[in-house]
Every structure is written in structure tokens, then in C-alpha cells.
Amino acid sequence: MSRPLHLLHVEDNTADAELAKDTLEMEGVACKVTRVETESTFLLALHAGGFDLILADYALPSFDGLSALRIARRQQPDLPFIFVSGTMGEEVAIEALKIGATDYVLKTRMSRLVPSVHRALREARERAELRRAEQALRRSEAYLAIAQSLSHTGSFGWDVASGEIFWSLETYRIFEVDPVSTPTLEFILQRVHPDDGLRVKETFSRISLDRTDFNFEHRLLMTDGRVKHLRVSGRAAHDPSSDSDVVGAVTDITAAKEAERQLREREVKIRQLVDANIVGVLISDLEGRVIDANDAFLQMVRYTRDTLVCGRLCWPDLTPPEWQAASERALSQLRANGRCELFEKEYFRSDGTRIPVLVGAAAIEGTKTENVAFVLDLTERKLAEEERERLRQLQVDLAYMSRVITVGQLGASLAHEIKQPIGAAVTNAEVCVRLLDRDEPDLPEAREAALEMVRDAKRAADIIDRVRSLYQKGSSEPAMVDVNEVIGEMVVMLRSEANRHSVSMRADLAKGLPTIMADRVQLQQALMNLMLNGIEAMNETSGELSVTSKTTEDGQLLISVCDCGVGLPVKQVERIFDAFFTTKPHGTGMGLSISRTIIESYGGHLWATRNAERGATFHFTLPTKDKTSSPSAA
Ligand code: ADP
């Protein structure tokens, strides 16, 4: 033994302790002894540890051997414990061995001490080794179980001759059965999906006969209808007499199969897209040279594959600088990040015509030198955009025409409206001249008359300005508009027309309305149409046309034009908003349709209601986008 044996000796008699030590050393067992007499010192020593063996006397003045044994078993169950005692009856000795003493030696027969110690130490060593082996086995079993669970792989053994089958816990889990049950071939075949049953049965019998390695897949049909995919692989021992002569692993590959299915589905979708000739696919190198293209792309650009691929085609020469720049930007993004942002460009077809396209590209995974580009033909979209733009322009033209016609119809009234301030100006001018012609010119009065004249002329100029704005073509820039101001202007402009029809006008405008972002001329036009319709509806009856403005609860502007005229045509209330619907001999039927288009273009609504007594009211709303905009000084 290389290091001395460390003994804990529970003994009150120092001579006895010395004797034990000497006995051992005489037989070549070097030892270091820690002697204790009381329970507390014993406990302390045990706690400090480092002992190979405990020797204990049976009876001590303040402690006893059996108590020491119990404590030792509790605290260090593997530490050998030998009683060395002068008096120890057989019964007590048996009791001590039962509690867990390793041996007992009588002080009268000290020669037995050495072999007893040797045996105790050997047994302790063997126990420790066994436990280490057990621990290693348990650990490896635990690791295996974890590995099986993580990899969804169970193992099995099959003794073909006896038909016995052994499953690991994970195999039970895969088959979803209680581990207490015994697996059988019949049960396995029951669980196998009916469509795979025959094949699996054949495979099993081939394995048992040919004794070859195996690797196959099949499905399970679980009781609730779920389908599981399994991969089974293993080895059959050539010696059929060995235990479990077939061993193997079974892996639940359901998740992998599902992922594979989804991938296939996606692939099919992509292929459909590619084959549907909707998307052009172009494979090129990092210099932009074409390597391959699909039929859709060839049809798009009307080149043959050969022409495209042989590199004779030199688009850059034909390409305008901005598209070239877009392509180069895309190529440098591809080189740097393996992908590029979507960009629009145009290709030249073989016949020189152009084709607008949207291109997205990415480097092909695995190759550092090839890109795949998806090319979408934008011709139809561009045409649709142009068509939309053309329609919008038509609408603008129509609105303009309608405005011109309406203002044209107002000619006489407007002339009168303008003539009136001009007439007043002439009168004031005459007064002014007369005042200046006096022997003593009345300068203050003349000045007053001249100022009147200026005001008259301004009034006329204002009306002319407004009329001129209605004659302007195209739409003006949107600006912040005070709707009350527009109503006021229209009241002034239509005053003569109203007078002509014996109609009085009243504006009832809410104060502090928010301004809105709009094209002033368009609002004028919508309002003019409604007010003129109202005046015309009162042609026979005369009366009052009132225009009101206010805000609704949800913060929109609400403008209403109320007349007491003939009222809306029976049964045709909604039709009045149709283009060309008119009940007037010289009507165009465009006014309401255009007004509605204008109001709706601002996100508002225009509708008509019948008045309780007489006539109709037309209402329109206008959303005030910026509710915090400063209220106008109405
Ligand atoms: P037009 O005035 O040229 O007929 P509109 O589109 O402005 O074209 O009006 C279409 C029709 O709606 C009118 O012909 C008329 O029948 C009806 N209408 C419009 N405004 C009123 C109104 N205030 N009262 C009664 N009917 C109206």
C-alpha cells in the first residue's frame, strides 16, 4: 500500500488502540490513527472525512460502538466498520453485522484483525467499483434515452426463433403504447398503415430468412387516424441462435416528411409560375451575360434561346443610360449581398420595340457566379395606368367643358353683374368730375367719389377674376381653402342670375370652420352647379335659396343647398346623379355627375333629400384631414 491506512478508532483505552495499530503495522499495514472517545469527536472526525476504515470498541464510558455504527452507516455507508472489542456476545455480534458492520474481532484474538481489515478494504474497493460501473451504466442509459428521444429514434431487438421482441422506451413512445405491454409482430403489423402492410410483412420475412441488413420506410396508422412515417434500419446476425438476433432502430420521420412535402409543394408552385409563362426567368453570370432563360422570357423579348445565350446580343449598347445604371446597380448589389432590390427597366425586343419590366434577382445558392432573375412583363399594367390617366384627363376636360357651358349660360347675368359696378363707377366718376369742375372744387367730396369709383372697379374686377378662374383649363394646385369664402363668392357671382328668377339668396355659415386642402375652382364648380340647379328649380315659384355650412359630429364639413322649387323628380332620385340625365329642355345632365365626382375625389359624399314642404336640398360632406388646421376667420 503506497499511503498509510487512515483509521478512525473509537476507543477509550489508549493501550488497546496502540495494540491494534502495532498489530497492523507488524503485518506491514502502515497506518495513521485518529482516536476518538465521544460521540461529538466521532461526528467531527467523520465530518472531516478522509478515512479508509473505522475500528470501534463495543462499550465506551460515554459512547457505544453500536451508536457509532448507526451514525457511520447513515453518513458514510461505504466506509468499512470493524468492531474490536474485549466483550462481545454472539447476539450482539449478529445484531452489529445486521446493522451493517463489516466484521468483528475480539481483543483476545487480535491476529484476526489483519485479515479482517484486508477483506474489509477489498470489499469496499469492489463495492466502489461496482457502484462506479453501475453509475456509468445508468449514465449511458440516460444518455441513450435522451439521444433516442431527441432523434425520435427508438431501438428494438427481435428474436426470430421465439418471436420475442424488445423495445426501447422511445420505440414504445413512437408506437404510442404503454411500456408495460409486450410488443408482438402481430401488433406491429396491425399498426402499420394498410397500404404498407403487405410490403412490411414481406420485408420482415425476408429479414428473418436472408439475414441481411435492412433499411426501409413505412407508415403507421394511429387509432385516431393520424399517419406517422417511420424509417426502420438494422442488422440481422448470421447466427440465428444468438439472443435478439435482429437489432435495429426505428426513427419517426413524420416531421421531416411533412417538411419535404411542403418543400415539394412550394417547388411545384414555383415551377407552375415558371411554366405558366407569367414570369420570365433569366440565369446570368455576374457580368450580366445570359446563361439560360425560360420560354416566358424568350417570348417576352422575342429572341431565340441561342441568340440570347451565345452572348452576341449586346444590350448595353442599345440601352439608355438610366436602365444601364439600374442594371449595374443591381449587379453590384448581387455581388455584395447575393440579392438586389426590385427595379423597373425596359428591354428591347428583337424587333426594336420596348417592353417595360419589373426585375428581382438573387444569387443562386451554392454558386458564387450565377444569378437568377425573375422578370415580370409590365406592358399591360403600364397600359392600364395610361388608360387610367387618359380617363382622368377626359374627366378633367369634361368638367372644364361643363364649367364653360355653365358659365356661358350665365353670360347675361354675369354681364349684368359686372355692368352694375361699372355703371356705379361711371356715376361716381361723373360726380367726381362735377365736384372738381366747381369754381371752388370740393376736394374732400371728390376724393370720396374717387374712392367709391375704385371700390366699384375692384368689385367688377373681382367678378371678372372669378369668372376667368372658371374658364381656366386644367386643375389648379390644391391649397388651403376656406369653404365659407367659396360660398360667399358664389353668392356674389350668382346674385344677378338669382334676381332674374326672383330668387333671394341667404348664406347661413358656421363660424370657425377648419380650412381644407382642395382645388378652389373645383369646389366653386360643384357649388355653382348645386346653386344654379336650385335657382332653376324655383323658376316658376320664386322663393329663397339658402346655403348653410357646419361641421358634423365626426369632424367633417357639411354644406347644404336648400331650395323651395319643383322638388326632385319622382322615382328618379338617384338617376339625377347619372351623367346626361336631365329633365331640362336645354340641360346637359352633367352638373350633378361632375359635382359628385369632385366631392368624392376629396373623400366626401354628395346626396339629395326632399324637403318636407317644398323643394329639395343637396348636401355634401368634405373630410377635414387635418383637424388641427387653424380655423378660418369666417
Ligand atoms: P342639368 O342641370 O343639366 O339637367 P344636372 O346633372 O345638374 O344636369 O341635373 C340633373 C337633373 O337633376 C336635372 O335635370 C333635374 O331633373 C334634377 N335636379 C337637379 N337639381 C335639382 C333641384 N334642385 N330640384 C329639382 N330637381 C333637380
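The values are calculated or read from the model by the stated rules, or taken from the named source; none is laboratory data. Model, not experiment: these values are computed from the prediction. With ideal geometry, Cβ positions are generated from the backbone for all residues, glycine too; neighbour counts draw on all protein chains shown. Just the protein is used for accessible areas: all its heavy atoms, side chains included, with ligands, DNA and RNA removed. Shrake-Rupley method; radii C 1.70, N 1.55, O 1.52, S 1.80 Å.
For segment 524-568, name all the residues that are open to solvent by 40 Å² or more (accessible area, probe 1.4 Å) and of a type in the set (A, V, I, L, M, F, W, C).
Once the filter is applied, which keeps residues that are open to solvent by 40 Å² or more (accessible area, probe 1.4 Å) and of a type in the set (A, V, I, L, M, F, W, C), segment 524-568 yields 562, 566.
Give me the pairs, please: first residue somewhere in segment 561-573 and of a type in the set (A, V, I, L, M, F, W, C), second residue anywhere and within 6 Å of the ligand (Cβ to nearest atom), beta-carbon distance under 6 Å, and either six or more positions apart or on two chains.
Pairs found: 561/534; 566/537; 568/616.
Taking residue 547, is it assigned to a strand (DSSP E or B) and more than 12 Å from the ligand (Cβ to nearest atom)?
yes
Does residue 219 qualify as being touching a helix residue (DSSP H, G or I) at 6+ places or on another chain (Cβ under 7 Å) and open to solvent by 60 Å² or more (accessible area, probe 1.4 Å)?
Here the answer is yes, as residue 219 does meet what is asked.
Any idea which residue in segment 222-242 is farthest from residue 153 (Cα to Cα), counting only those that are surrounded by fewer than 17 Cβ atoms within 10 Å (Cβ to Cβ) and of a type in the set (Gly, Ala, Ser)?
Taking the candidates together, the pick is 241.
Looking at 55, 79, 60, 113, which is the one that is open to solvent by less than 70 Å² (accessible area, probe 1.4 Å), over 16 Å from residue 17 (Cα atoms) and touching a residue at least 24 places away in the same chain (Cβ under 8 Å)?
Step by step, each of 55, 79, 60, 113 is checked, and only 79 is open to solvent by less than 70 Å² (accessible area, probe 1.4 Å), over 16 Å from residue 17 (Cα atoms) and touching a residue at least 24 places away in the same chain (Cβ under 8 Å).
Out of 519, 554, 578, I need the residue that is on the phi < 0 side of the Ramachandran plot, touching a Pro at 6+ places or on another chain (Cβ under 8 Å) and of a type in the set (D, E, K, R). Which one?
519
For segment 499-537, which residues satisfy the criterion of being out of contact with any Gly (no Cβ under 9 Å at 6 or more places or on another chain), farther than 20 Å from residue 604 by Cβ and part of a helix (DSSP H, G or I)?
499, 500
Inside segment 477-488, can you point out the residues that are modelled with pLDDT of 90 or more and either among the charged types (D, E, K, R) or surrounded by 17 or more Cβ atoms within 10 Å (Cβ to Cβ) (or both)?
Listed by number, the residues that qualify are 481, 482, 483, 484, 485, 486, 487.
Out of (1) charged (D, E, K, R); (2) within 16 Å of the ligand (Cβ to nearest atom); (3) modelled with pLDDT of 95 or more, the odd one out for residue 508 is which?
(2)
Taking the residues in segment 557-605 that are assigned to a strand (DSSP E or B) and within 11 Å of the ligand (Cβ to nearest atom) as candidates, determine which candidate is farthest from residue 484 (Cα to Cα).
562
Condition first: more than 21 Å from residue 554 (Cα to Cα) and touching an Asp or Glu at 6+ places or on another chain (Cβ under 9 Å). Now tell me which residues in segment 599-612 satisfy that.
Of everything in segment 599-612, just one residue is more than 21 Å from residue 554 (Cα to Cα) and touching an Asp or Glu at 6+ places or on another chain (Cβ under 9 Å), namely 611.
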